[in-house]
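> Okay, here's the structure, questions in a sec.
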Amino acid sequence: MLVTRFWYNRVVDRKAPVITGMTRDGTFLVEDGTVACGVKNMRFNQDLVEFFNNVETLGVPEGQENMVVPPLKVNGFHFTGRTE
């Protein structure tokens, strides 16, 4: 999956730490390294320690709205379902 934007992010468990949220405005299926098609927005629950331990590739940071964010390739991200 290629996710260009997350939103409605909330902390589920501060001790774990686990966050939840949804994708928005650009979620795509990637097959064989190529964007194959757009997909519905997805819900996720993600342990942040696991997330950072599973970073495979880190790109050059880019400006996004009021933030600077590097593109990441992360293995084992926990999508829990599609949004309505």
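> Report the gain in length on full extension from Phe52 to Thr34: 0.36 nm times residue separation, minus Cα-Cα distance, nm rounded to one decimal.
4.1 nm
> For Gln64 and Thr20, calculate 0.36 nm times their separation in residues minus their Cα-Cα distance, and state this gained length in nm to one decimal.
That pair, Gln64 and Thr20, stretches by 13.8 nm at full extension.
> Could you give me the percent of Cα pairs per 10 Å distance bin for the chain, shortest bin first, beginning at zero and ending with the bin that holds the maximum distance?
It works out to 16, 48, 34, 2, in whole percents.
> Give the relative contact order (percent, whole number) for the chain; include only Cα pairs under 8 Å separated by 6+ residues.
24 percent
> Using θ = phi - 60° and the Karplus form 6.51 cos²θ - 1.76 cosθ + 1.60, what ³J(HN,Hα) does each residue of region 38-52 get, whole Hz, x for Gly and Pro?
Per residue, the Karplus-derived 3J(HN,Hα) values read x, 10, 5, 4, 10, 8, 9, 10, 9, 6, 5, 5, 4, 3, 5 Hz.
Values quoted throughout were computed directly from the atomic coordinates according to the rules given, and no laboratory measurement underlies them. Not measured: the values here are computed from a predicted model.
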